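A short write-up of the structure that comes next.
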Amino acid sequence: MLEVKAVNLKRVKVDTLVVPVCEDRDIHTDKLLTSLVAAAKSFAEFKGKKGDVITLFQPAETRITRAVFFGLGKAGTLDGESFRAFAGNAVKFCINAGLSAMTLATPSATELTVNAETLFGSLMEGSCLGNHIFDRYKMEKEKTPVKKVVLMATAAQKKAYSSLVKSVAAVCGASLKAREWVTTPSNDKRPEAFADMIRNAAREVGLKTRIMDDRWLEKQQFGAMLAVGQGSSAKPRLVVMEYSPKAAKKTIVLVGKGVTFDSGGINLKPSGSIETMKMDMSGAAAVAGTMLAVAHLKPDVKVVGVMPIVENMPSGTAIRPGDIIRSYAGKTIEIGNTDAEGRLILIDAMAWAIRHYQPDTLIDLATLTGACVVALGEKIAGVFSKDPDLAATIVASGEKTHERCWQLPLPEDYKELLKNDFADLNNVSNGRWGGAITAALFLSEFVGDTRWAHIDIAGPVWAKKASDYCGAGGTGFGVRLLCDLIGKI
Ligand code: BES
Ligand code: MN
Ligand code: ZN
C-alpha cells in the first residue's frame, strides 16, 4: 500500500495530492508546492490553522485532479505525532470521499523541528493506521480502505527510507490485527477460538505457536488460572509463541492478560462497567501482535509471548469469594473478589514462564485495574518496575510511539494491604485506595528477582470514539510500544 517515490508534479498526472500546510511558515521547498499553498491560502477559509481543510480542483499548470490542503498550525509545535495525525486524517478524508489512491506531499525536514526519519516514519504510520475499517459485522460495507499511498521524496530520501516501508507496514499491520481482535465480540473469541486466531496469524508469518489446553494446565497445576476459568463453559488456554534466532544472547518474555470476557464472576460487574469487557484480552492481543511484527523485524534477541486466555463468568461452577486456591508457584490465595481475576491468570503464566525460560527481562501487559484509569485517564498506561532504567526506557518508547506510559510506584509497605488471615495472600487489597499499585504489588510477589515491568493498559486499549488515526473500539495499544522497546532493553 505504501511507496516512497520521486514525483515530478509538473509532469506526472496525480489524482489526489494531499498537502500539509503551516500557518506561520512554508514547510515545502518544491516551487510548485509553494505556489499551490499560496493559492490555497488566498481563500479566506484556509489559513493553515490546525483543522483547516480546503480542496482545489485542477489547479492551473498542473496535471493534478484535486489538491487537498490540511492545516497543521504553527511549524515549531510539530512533532512525530502531528505527522501521524495529519497522515491519518488525510487517509480518512480519501476513504470518506471514495478515493482509492493518495499522493502525499512530504514537507522538508529542514524547515521543521523533527528529523527526516521521524517525519517519514510518522507519515507512514499515520497512513497505515488510519487506513483501517472494522465492518466485519455490517451487512452493508460502506467504505473501502485506500489502495495506494505515495510519499513524495527526493532520490536520496527514496534510497534512505524505502526499507522503512517494510518495517512500518509489519508493525502497523500487527497493531491493526490487535485492534481487530480486541473489537471482535466475546461470542466469537472464546478462549479456544481466540487461541486459534493467534495461531493462524502466527502461521502466516512462520512463527511457532503452542496452545496448551485445560488438561495440560491441570497437570502443570496452574491453580490460579484454572480457578478463574472454572466458571465458564469455555475452557482456558495458554498460548506460547517463540521467536528464537540462533545467535540470541538475551531472552525477553512478554506476558499478556487474555480475559476474553470479564463479567466480574460472582462479584458481577454492574451495568456501565460490563459492556466493554470484551476488551479485557487486550494485553494478549498486544503481545500476540508484537510477536507477529517481531517475526518480520528479526531482532537478535529471543522473544517469547505468553498469553493466558480465559473467560471470567459467574455460574454454579465458578469460584466464590472466600475460596482459597493454590497458584502454580505454590503460594495460596484467598479470593477476596472474583473480579480481580487478571492478576490470578498472570501470576501463573509469569511464574511458569520464569521457570521455563529464565528470561533476562519479563514485561507483562494487562487491562488490570479501573484504578489505573482513574489515576492516568484513558490515554496513558501505568508502568511499574523496581528497575528504574527499564521503567525509563518504557516511558521513552511511549513518548516516541505516542503510546504513552507513566511510572507509578511499588511501595513495599503497601504490601500490608494484601495480607490475609488464612492464605498467603488476598487477591484484593484490604483498603480502598491505590488499586493499581496493590494489583502490581500482588504480581511482584511472583516474579522473584527477575527483571520485570508491569504495564497497566486498562485505559488506552479502548477508544469510545474515533481519533486521528484510530477508529472507535480496540486501539492496538502496546504493539508499537513493545516493538520499539525490544531492541532497547
Ligand atoms: N478488567 C478489569 C479492569 C478494567 C476496568 C479494565 C475498567 C478496563 C476498564 C479487572 O479485571 C477488574 O475488574 N479489576 C477490578 C479490581 C478490583 C476488584 C480490586 C477493578 O478495577 O475494579
Ligand atoms: Mn475483573
Ligand atoms: Zn479483568
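What follows draws every value from the coordinates through simple rules; no lab data is involved. All figures in this text were calculated on a predicted structure; none of them were measured in a lab. Neighbour counts are summed over all protein chains in view; Cβ atoms, including those assigned to glycine, are modelled from backbone coordinates with ideal geometry.
Please compare each pair in Lys13/Lys50; Lys177/Lys269; Lys298/Lys488; Lys166/Lys464; Lys177/Lys257; Lys92/Lys465 to a cut-off of 22 Å on the Cα-Cα distance and tell me which ones are over it. With Cα atoms farther than 22 Å apart: Lys13/Lys50; Lys177/Lys269; Lys166/Lys464. Here the peptides 142-150, 423-431, 367-375, 452-460 are ranked by packing, the mean other Cβ count within 10 Å, and the order with the highest first is 452-460, 367-375, 423-431, 142-150. Each residue of the stretch 207-314 gets 106 Å³ once the volume of the Cα convex hull is shared out per residue.
Look at the dipole of the stretch 394-487 built from charges on Cβ: of Gly431, Leu485, Gly473, the Cα furthest out on the positive end belongs to Gly473.
Ranked for footprinting exposure by Cβ neighbours inside 10 Å, fewest first, Ile211, Ile64 give Ile211, Ile64.
Normalising the Debye intensity of the stretch 320-399 to I(0), with uniform scatterers on Cα atoms only, and taking log10 at q = 0.25, 0.26 Å⁻¹ returns -1.23, -1.25. For the stretch 186-226, the Kirkwood estimate of hydrodynamic radius, built from reciprocal distances between every pair of different alpha carbons, is 11.5 Å. Extension gain for the segment Asn187 to Asn337, taken as residue separation times 0.36 nm less the Cα-Cα distance, is 51.6 nm to one decimal.
Helical content of the chain, expressed as a calculated mean residue ellipticity at 222 nm, amounts to -11000 deg cm²/dmol (DSSP H runs of 4 or more residues, -39,500 (n - 2.57) each, divided by residue number, nearest 500).
Our summary of shape: the Cα atoms of the stretch 237-296 have principal axis extents of 51, 20, 17 Å, ordered from largest down, in whole angstrom.
Find the Cα radius of gyration of the stretch 336-470, compare it with 2.2 N^0.38 Å by division, and give the number to two decimals.
1.06
Since only Ala288, Thr29, Ala375 are under comparison, the one whose Cα sits farthest along the positive direction of the charge dipole of the chain, derived from C-beta charges on Lys, Arg, Asp and Glu, is Thr29. The ranking of Tyr161, Tyr243 from fewest to most other beta carbons within 10 Å of each one's beta carbon is Tyr161, Tyr243.
Peptides 233-242, 250-259, 353-362, 315-324 ranked from most to least packed, by the mean per-residue count of other Cβ atoms within 10 Å: 250-259, 233-242, 353-362, 315-324. Computed over the chain, the Cα gyration tensor eigenvalues convert (square root of 5λ each) into semi-axes of 45, 21, 21 Å, ordered from largest to smallest.
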